[in-house]
Amino acid sequence: MGRYAEEFRRSLEDREGFWRDAAAGIDWVDPPERILDDSTPPMYRWFPDATLNTCWNALDRHVPTRGGQTALIHDSPVTGAVRRWTYAELRDEVARVAGALRDLGVAKGDRVVVYLPMIPEALMTMLACARLGAVHSVVFGGFAAAELATRIGDARPRVVVTASCGVEGSRVLPYKPLLDRALELSEHAPEHCLVLQRPQVAATLVAGRDVDWAEAVAAARPAECVTVRATDPLYILYTSGTTGKPKGVVRDNGGHAVALHWSMSAVYGVAAGEVFWAASDVGWVVGHSYIVYAPLLAGCTTVLYEGKPVGTPDAGAFWRVVADHGVSVLFTAPTAFRAIRKEDPAGEHLARYDVSTLRALYLAGERLDPETYRWAAELLGVPVVDHWWQTETGWPVAANPLGLEALPTKPGSPTVPVPGWDVRVLDAEGAPVPPGVDAALVVRLPLPPGALPTLWRDDERFVSSYLSRHPGHYLTGDGGHLDADGYLYVMGRTDDVINVAGHRLSTGSMEEVLAGHPAVAECAVIGVADQLKGQVPRGFVVLKAGVTAEPAAVAAELVQRVRDEIGAVAALRRVDVVPALPKTRSGKILRASMRAIADGVEAPVPSTIEDPAVLEALRPTLAP
Ligand code: COA
Ligand code: AMP
């Protein structure tokens with residue numbers, strides 16, 4: 001039996017022994033005696049009697065042995081800056097930021113909403129919260145005021161941390177006005193906003209509420225690590241669900257630290273002292289896990305890249321960063337490689353850089369199409385690993401675990417379930433399907449450490465969203481199959497979630513925005529295949545009787561409305577005004593049939609369709 005098979009078997013047959021061993025990679029205040037609390041299924045808790053501090057594990061504990069090693073590199077082509085912090089420097093800076101937050105009243109259990117671009121202060125704020133035992137909730141910068149307001153309303157933070165602006169390529173985007181607007185909309189008012197003034201734009205501060213970052217941090221005394229329970233929340237990360245109300249995915253401290261630390265060596269094959277670069281954004285789970293926490297828990301150097309794969313300044317940007325910093329493992333979304341390939345199909349930029357340190361490329365966030373896989377593998381000449389995971393899972397569910405054993409790859413498959421993840425494929429009745437048959441991808445409970453224990457203050461929604469459909473299993477929301485060799489194939493979401501350029505978005509929430517327009521009678525938003533972004537949303541609306549406005553004008557207003565209410569990241573560029581939407585006899589809009597036509601895929605029209613002529617009439621508008 002190979003190493004992978006052995007570890008996988010043990011992770012399921014001797015679950016507690018397996019994770020007890022992995023827990024030895026973490027410094028505990030009170031080490032775990034009990035490994036898993038399974039007394040109240042379907043709720044499970046890992047390391048219920050243990051205590052620790054996550055920031056200690058990410059920073060302080062490394063200082064005696066690797067205090068002079070670079071912990072963080074901020075590489076920012078958009079501002080022309082590259083800065084480095086050693087472990088000792090980063091620990092000291094984070095302790096001061098924690099002191100500043102403490103001065104603003106932040107204590108254990110309090111929430112801090114973080115609305116920051118890809119600057120070192122984002123990582124420092126997250127770790128400072130962890131240091132205090134406070135719970136951070138980072139909101140991605142591409143979301144607009146209303147989305148930020150919803151998250152502030154749900155997390156009820158004591159403090160919001162923001163910056164005067166983000167820099168997106170050549171554009172400077174002021175952040176503070178978005179926060180001010182969000183606070184007008186939100187039902188919850190934080191006591192303070194801590195505002196970092198960037199040189200590109202000066203934010204206006206509200207007296208009494210807003211506090212200048214530089215002044216507060218300069219005046220603060222360093223804060224020590226506060227001990228928390230392994231089961232205490234480390235962060236909340238909101239993610240798109242079926243409705244407009246995002247789900248507050250909770251991450252605990254102990255299970256998270258154990259799983260992420262273990263994953264760095266077992267899944268990514270990376271050792272302490274090496275340079276790990278996740279080219280994502282701290283606003284997404286990839287950024288939380290593999291820009292901030294995992295590389296630091298493992299004693300690596302992490303790269304925080306404030307730039308794009310193309311245009312900052314060219315399609316050689318990624319190779320430049322790898323060469324400049326000696327990156328061993330790069331992690332990004334397939335979209336980034338599609339963007340590079342589009343601009344530089346022959347890979348000419350690569351020849352300008354020495355990327356010999358690069359050992360492997362990991363891709364996730366959306367399906368990796370075999371063409372992009374082959375292009376990247378041929379170009380780089382290193383293993384390209386497609387791996388599958390979600391905000392909820394926190395770390396990979398399926399991967400080629402190079403640190404354990406390099407398994408043969410199959411293009412189109414993220415290889416095999418990672419130890420700890422008992423992946424099953426179930427039909428609508430909950431029965432396992434044979435190899436090769438597509439059905440619901442589920443994970444048998446308990447989920448391993450690091451996966452979400454619940455949704456923020458909403459156990460009921462956690463159970464109803466994920467654990468009720470197939471009792472005893474976690475519903476991933478993805479469909480796919482296992483082949484006869486146990487390789488997993490993820491074919492796409494079975495709900496209203498779409499992946500646009502690796503960004504997870506809800507078509508349901510876009511529909512809510514469109515439906516809110518006074519001229520709209522009904523609407524549908526579907527994700528259609530896109531060469532660059534994987535998927536993009538398209539909207540279809542039927543106008544109310546008597547509306548006299550020009551359809552094109554209404555469509556333009558609707559595009560703007562989604563941009564204003566959800567954010568630029570929604571990337572809804574096209575809305576069509578149509579006479580009617582195809583429905584079943586019971587009134588359900590046939591989104592799957594619309595999507596099939598838009599993607600040019602042959603799919604049978606459901607026999608329950610009310611009026612086939614409506615779908616036929618829509619065909620030319622839908623056609624790719
Ligand atoms: N703050 C503010 N706005 C943001 C933003 C942020 N952090 N991130 C994206 N946006 C904006 C973009 O500027 C763009 O605005 P526009 O409509 O005014 O041009 C819009 O949101 C859509 O962004 P995106 O879908 O990313 O498209 P793009 O054309 O700007 O870039 C890629 C395309 C492929 C270069 C880009 O998506 C990319 O680098 N993807 C890598 C994948 C990735 O990081 N995934 C994260 C999960 S691993
Ligand atoms: P997010 O929660 O933003 O990480 O998005 C998770 C979703 O992205 C998953 O449910 C999948 O639909 C999709 N996804 C992530 N990784 C992969 C992958 N390797 N292959 C296919 N889909 C993926």
Completion exercise
Condition set open to solvent by 10 Å² or more (accessible area, probe 1.4 Å) and within 23 Å of the chain's Cα centre (by Cα), scope segment 154-173, selection farthest from Gln197 (Cα to Cα): answer is Asp154
Practice task
Among residues belonging to segment 264-289 that are hydrophobic (A, V, I, L, M, F, W, C) and part of a helix (DSSP H, G or I), point out the one that is farthest from ligand 1 (Cβ to nearest atom).
Solution key: Ala266
Handout entry: Subset of segment 330-344 [crowded, with 19+ Cβ neighbours inside 10 Å, in contact (Cβ under 8 Å) with a residue 60 or more places away in the chain and away from ligand 2 (no atom under 16 Å from the Cβ)]
Key = Ala339
Exercise for the section: Could you please let me know if Thr415 is more than 30 Å from Pro448 (Cα to Cα) and within 12 Å of ligand 2 (Cβ to nearest atom)? Expected result: no
Practice task
Answer yes if at least one residue in segment 556-568 is small (Gly, Ala, Ser), surrounded by 14 or more Cβ atoms within 10 Å (Cβ to Cβ) and part of a loop (DSSP other than H, G, I, E, B), and no otherwise.
Solution key: yes
Problem - Index of the failed condition, Leu572 passing every other in (1) open to solvent by less than 40 Å² (accessible area, probe 1.4 Å); (2) not in a loop (DSSP other than H, G, I, E, B) - result: (2)
Exercise for the section: Please specify each residue of segment 456-510 satisfying the condition of being among the polar types (S, T, N, Q), assigned to a loop (DSSP other than H, G, I, E, B) and within 14 Å of ligand 2 (Cβ to nearest atom). Expected result: Thr494
Fill in the blank from the handout: Among residues of segment 358-367 being in a loop (DSSP other than H, G, I, E, B) and over 16 Å from the mean Cα position of the chain (by Cα), the residue nearest to ligand 1 (Cβ to nearest atom) is Leu358
Handout entry: Subset of segment 186-216 [surrounded by 14 or more Cβ atoms within 10 Å (Cβ to Cβ) and not in a loop (DSSP other than H, G, I, E, B)]
Key = His192, Cys193, Leu194, Val195, Leu196, Arg198, Val201, Asp210, Val211, Asp212, Trp213, Ala216
Exercise for the section: State whether one or more residues within segment 250-265 are within 16 Å of ligand 2 (Cβ to nearest atom), at negative phi, among the β-branched types (Val, Ile, Thr) and touching a strand residue (DSSP E or B) at 6+ places or on another chain (Cβ under 8 Å). Expected result: yes
Handout entry: Filter result for the condition that a residue is away from ligand 2 (no atom under 16 Å from the Cβ) and either in contact (Cβ under 8 Å) with a residue 60 or more places away in the chain or surrounded by fewer than 24 Cβ atoms within 10 Å (Cβ to Cβ) (or both), over Glu371, Glu348
Key = Glu348
Exercise for the section: Can you give me the number of residues within segment 305-329 that are more than 12 Å from ligand 1 (Cβ to nearest atom) and outside any loop (DSSP other than H, G, I, E, B)? Expected result: 10
Problem - First in segment 577-588 and at negative phi, second anywhere and among the acidic types (Asp, Glu) and assigned to a loop (DSSP other than H, G, I, E, B), Cβ under 9 Å, 6 or more apart - result: Ala580/Asp611; Pro582/Glu610; Pro582/Asp611; Lys583/Glu610; Lys583/Asp611; Thr584/Glu610; Arg585/Glu610; Ser586/Glu610
Handout entry: All positions within segment 251-293 that are under 19 Å from Phe140 (Cβ atoms), open to solvent by less than 10 Å² (accessible area, probe 1.4 Å) and aliphatic (A, V, I, L, M)
Key = Ala278, Val282, Ile291, Val292
Practice task
Pull up segment 374-393, narrow it to residues that are outside any loop (DSSP other than H, G, I, E, B) and in contact with a helix residue (DSSP H, G or I) (Cβ under 6 Å, 6 or more places away or on another chain), then point me to the one that is nearest to ligand 2 (Cβ to nearest atom).
Solution key: Val384
Practice task
All but one of (1) open to solvent by 10 Å² or more (accessible area, probe 1.4 Å); (2) assigned by TED's automatic domain parsing to the domain that holds Ser76 hold for Gly299, so report the exception by its number.
Solution key: (1)
Completion exercise
Considering segment 138-153, residues that are among the small types (Gly, Ala, Ser) and touching a helix residue (DSSP H, G or I) at 6+ places or on another chain (Cβ under 7 Å), and then whichever is surrounded by the most Cβ atoms within 10 Å (Cβ to Cβ), we arrive at Ala149
Problem - Residue ID - farthest from ligand 1 (Cβ to nearest atom), chosen from residues in segment 390-404 that are more than 17 Å from Thr454 (Cα to Cα) and surrounded by 24 or more Cβ atoms within 10 Å (Cβ to Cβ) - result: Pro401
Handout entry: Matching residues in segment 517-543 - criterion: being more than 21 Å from Lys583 (Cβ to Cβ) and not hydrophobic (A, V, I, L, M, F, W, C)
Key = Pro518, Asp530, Gln531, Lys533, Gly534, Gln535
Fill in the blank from the handout: Counting only strands (runs of 3 or more DSSP E) wholly inside segment 1-96, the ones holding at least 2 residues that are open to solvent by 30 Å² or more (accessible area, probe 1.4 Å) are 36-40, 43-46, 81-86
Completion exercise
Here the qualifying pairs (Cβ atoms under 7 Å; residues six or more apart or on different chains; first in segment 532-543 and surrounded by fewer than 24 Cβ atoms within 10 Å (Cβ to Cβ); second among the acidic types (Asp, Glu)) come out as Val536/Asp530; Val542/Glu522
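The values are calculated or read from the model by the stated rules, or taken from the named source; none is laboratory data. Please read these numbers as outputs of a predicted model, since none were measured by experiment. Backbone-built Cβ (ideal geometry, glycine too); neighbour counts: all protein chains shown. Surface accessibility is based on the protein's heavy atoms, side chains included, excluding ligands, DNA and RNA. Shrake-Rupley method; radii C 1.70, N 1.55, O 1.52, S 1.80 Å.
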